[in-house]
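The values are calculated or read from the model by the stated rules, or taken from the named source; none is laboratory data. On a predicted model such as this, the values are computed, not experimentally measured, just so you know. Reconstructed Cβ throughout: ideal geometry from the backbone, glycine too, with neighbour counts over all protein chains shown.
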Amino acid sequence: TLPSRVTLVDVGPRDGLQNEKELVATEHKAQLVEMLYLAGLREIEVTSFVSPKWVPQMADNAAVMAAIKRQPGVRYSVLTPNLKGLEAALPTRPDEIVVFAAASEAFSQKNINCSIAESIERFAPVVEAAHATGIKVRGALSCAVGCPYEGDINADQVERVVLLMKGIGVDHLGVADTIGVGTPRKIQAAMERALKHYPLVEVSGHFHDTYGQALANIYACLEMGVHNFDTSVAGLGGCPYAKGATGNVASEDVVFMLNGLGIETGIDIDKLVDAGAFISGVLGRPPVSRVGRALLAK
Ligand code: HMG
Ligand code: MG
């Protein structure tokens, strides 16, 4: 039987916007966060405290955190790749931070300029400092099934990094298909390795939809009982260090599927479509979400 309830983390403000060339105004980012809240999202990935030279779109990280209207019962998370990022993030009071490692050495180098082992060394004090202030740490594991530089990634490579993350006390493990090449059985194999070491409630899927497989992959995860997923309103997104990768699976598409399955999310799909239309308007293009387009055309 499938889970009766699923929690979505909308990563649109962060993953969705990080790759946009034109700078999006801080107030528009804050408004997107607010619209996601109004649509019923209770977990929102707001921004990242990374180098502005590497990701210029996220340079207004602290300003975005200051501009959002903090709502009760909502968890606002931010990415922090190192202690410098954490130190900058802490005064903005994130509810949760995200460290991000990769199952592939080449991607680790391109994305965060260090090896997998070095990244874990860097994250260890970040996790410790976050925990010391009562902040939960999620870990993203990029390239869990495929890498833009190394090609196929196997489940043993995934498990190795899952264990490293667990070893430094990362609370939650997100299995990420950065370039969207995963198919259901392959995703399940990666998920299985995460579930060997993390409880079901602390495992999530983060699937980019480059090859149109993300909904099928989410369904395959539901069959395993996995009930936490990252999605991106309007299907925004991509990673600057994964060329050609498109956005995360659209939140609207996932909610439509879950509604059809009778699985609760607490999300109002019409308000979610409004949020997607808003940010797509800011970016000057139609939403990538098929459901978003269909509902807007009605
Ligand atoms: P580095 O150059 O190796 O870092 O970058 P460094 O420690 O040698 O410092 C170099 C300069 O960066 C210094 O400044 C530091 O102060 C500054 P300078 O002296 O030259 O003026 N610096 C920072 N500035 C602001 N915030 C910081 C920070 N750290 C150092 N936190 C670093 C290492 C990790 C910083 C860099 O590689 C970086 O910022 N990478 C960005 C990676 C990124 O944001 N990628 C996209 C997000 S991950 C993703 O999308 C995948 C995910 O969605 C899951 C999936 O789909 O797979 C999560
Ligand atoms: Mg991503």
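For first residues located in segment 230-248 and among the charged types (D, E, K, R) and near ligand 1 (Cβ under 8 Å from one of its atoms), partners that are modelled with pLDDT of 95 or more and part of a helix (DSSP H, G or I) and lie 6+ apart or on another chain with Cβ distances below 8 Å form the pairs Asp230/Asp15.
Of the residues making up segment 4-35, just one is surrounded by 19 or more Cβ atoms within 10 Å (Cβ to Cβ), touching a residue at least 40 places away in the same chain (Cβ under 8 Å) and among the basic types (Lys, Arg), namely Arg14. Number of residues in segment 231-246 that are outside any loop (DSSP other than H, G, I, E, B) and either aliphatic (A, V, I, L, M) or surrounded by fewer than 24 Cβ atoms within 10 Å (Cβ to Cβ) (or both): the value is 2. Scanning segment 199-210 for residues that are more than 19 Å from Gly151 (Cβ to Cβ), buried (at least 21 other Cβ atoms within 10 Å of the Cβ) and not small (Gly, Ala, Ser), we see that the one that is farthest from ligand 1 (Cβ to nearest atom) is Val203. For segment 188-209, the criterion of a residue being out of contact with any Leu (no Cβ under 6 Å at 6 or more places or on another chain), within 28 Å of Pro286 (Cα to Cα) and not in a strand (DSSP E or B) is satisfied by at least one position.
Selection of segment 248-286 for residues being farther than 17 Å from Leu215 by Cα and part of a loop (DSSP other than H, G, I, E, B) yields Gly266, Ile267, Asp268, Gly284, Arg285, Pro286.
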